[in-house]
Amino acid sequence: SLADRLGSVFKKLRGKGKISEADLKEAMKEVKRALLEADVNFKVVKDFINGVSEKALGQNVLESLTPGQQVIKIVNDELCALMGKETAKLDFSRKITVIMMVGLQGAGKTTSSAKIGGFLKKQGKRPILVAADVYRPAAKKQLKVVGEQLGVPVFSIDESTDAVFIAKKALEHASQNANDVVIIDTAGRLHIDEELMEELKNIKSAVEPSEILLTVDAMTGQDAVNVAQSFNKQLDITGVVLTKLDGDTRGGAALSVKAVTGKPIKFAGMGEKLTDLEPFHPDRMASRILGMGDVLTLIDKAQQAFDERQAAELEKKIREQSFDLNDYLNQLGQIKKMGSMQDILSMMPGVNSKALSSAQIDEKKMGHIEAIIQAMTPAERQKPEIINSSRKQRIANGSGTTVQEVNLLLKQFVQMQKLMKQFSNPKKLKRGFGGLG
Ligand code: GDP
Ligand code: MG
C-alpha cells in the first residue's frame, strides 16, 4: 500500500544521522513512485515532489540535526496542504440549506445522503431526504429504508417521474414543515452522459442548492479524479464526499481530488453503517497516508527514554563481553520507561486487539523477569553460571516464580549473550536498542 511504501522510504531517512542531497533526491524518487502507484494524478505528484524538495532545500534541512525527521514533517505538511489544510464546512448561510447529491451509480449517493441527514440531525438540524432518483424504483425504497433507520423523513412523489418537479415540491414541503436542510438524492449512471448532466443542471437551476456534493468512490482511484473533474466542469460542485475509505483504497483519490478540482473533500464515508461518516480531516488523512499512525511520536518517545550515556556504557560492556543480568535489568527498566507495551502497540497502525491482549501477557512476563533478577544476589547477577539448583530454588521462592521460569530466563540470557558477541559494529547495536528493537 501507499502507507507501506512511504513508511519504508522514511525508515531509511530516519536511520541516517545526516542526509545528503543525493539521499534526498533518492527518497523523493521513491515517494514519487509510491504516489504514482497509488493512483495519484501525475501532475499532482510532480507538483508535490517539487514543492517538498524546494522546501527541504530551502529550510536547510540537510544541515539540521534531524534531517530525516524534518523531511518527513515537510512531506506531511505538504500532504495536508494538498488536501485543503482545514476541515471544510457546509454552507448554512441560507434559511433552508439545500444539498444536492450527485455522482455515478454505486458511488454511494443514497447511503451518503442518509448518513449526512443523520449527521446533521445529531447537530440539531431538521433535515429531510428527497427521493429524486426516478429511474430505479428500488432507489426510492432504499432511501426510505435508510431514512427510517435514522429517523430522518423522506420526501417522495409516487406518481411523478420528473426529478426537477420532485425537487421543487420538496422545497415547498420543507418550508411548510420547518425543515432547515433538504438533501436531494439524485440518479446516477454507470458513466457520465449528457442526459444525466442535463437533468442535474435542471435540478440545480430549479432549486439553487447551497451545496452540490459529488459522491466519489475512493476505490476507483484515478477514475474518481476524472469523474470529479467532469462533474465539476459541468455543475461547479461545492465539495466531495469520498466514500469507501474503509476499504483497501490506495489513497490516491483523496490526494488528487482537491488538487485537480480545487474543491475540498467535505465528508469521508468509512463503512456501510449509517453512522460511518466523518467530516474529512486533511491532517488525519495525511498521517494515515504516511501510514505511521502515531509511530513518529512513538519513536521520539523511545529515543528520549534511551539515555545516550547509558547507550555508550552498554556498548562498551557488550564490546568487552561483560553484559550481565544487572544490565539486563536496566534494559527492562528502559523499555518500561517507554510506557506500557499496550500503550505502545495501540499507537501503531494496524495492530489488532488480539495483538494487544498478547502484549498484556508479555508485560506480565516482563514483570516476572524483573522479579527473578531482583531475587538474585549481586554475584549471581554478574556471573549467572554460578546459579546451581539450590540457588535456583531460592530465587524462585524469592521472586514468587518457579524454577522452570528461572531456568527459562537463564537460557534466554545465555542466548542473548551469544547474540551480543556477534555485534561488532557499535553503531548497529545502539540503533538496535535505541529503536524499537
Ligand atoms: P448510489 O448508487 O450512488 O446511490 O450508491 P449507494 O448509496 O446505493 O451505495 C452503493 C453501495 O456502496 C452500497 O452497497 C453501500 O452500502 C456501499 N457504500 C456506500 N458508502 C460506503 C462506504 O463509505 N463504505 C463502504 N464499505 N460501503 C459503502
Ligand atoms: Mg442511489
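Bear in mind that the values in this text are calculations on the coordinates, not laboratory data. The model shown is predicted, which means the values in this text are computed figures rather than measured ones. Using ideal geometry, Cβ is built from the backbone for each residue, glycine included, and neighbour counts are taken over all protein chains shown.
Laid out as a table, the results:
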{"quantity": "For the stretch 97-289, share of DSSP beta bridges that run antiparallel, in % to the nearest 5", "calculated": "10 percent"}
{"quantity": "Per-residue Cβ neighbour rank within 10 angstrom, fewest leading, PHE119, PHE42, PHE10", "calculated": "PHE42, PHE119, PHE10"}
{"quantity": "Order of ASP185, ASP276 - criterion: other Cβ atoms within 10 Å of each residue's Cβ, fewest first", "calculated": "ASP276, ASP185"}
{"quantity": "Distance between modelled label sites at LYS43 and SER160, nm, 7 Å Cα→Cβ extension", "calculated": "4.0 nm"}
{"quantity": "Simple label model, 7 Å out from Cα along Cβ direction - GLU370 to GLN105, nm", "calculated": "6.3 nm"}
{"quantity": "Sequence-distant residues sharing a close amide H with VAL154 (under 5 Å, placed H)", "calculated": "LEU129"}
{"quantity": "Residue order, fewest to most beta carbons within 10 Å, for LEU200, LEU120", "calculated": "LEU120, LEU200"}
{"quantity": "Dimensionless Rg ratio for the stretch 1-150, taking C-alpha atoms and the 2.2 N^0.38 Å reference", "calculated": "1.53"}
{"quantity": "Per-pair calculated FRET efficiency, R0 = 35 Å: ASP276 and GLN229 via Cβ, rounded to 0.05", "calculated": "0.85"}
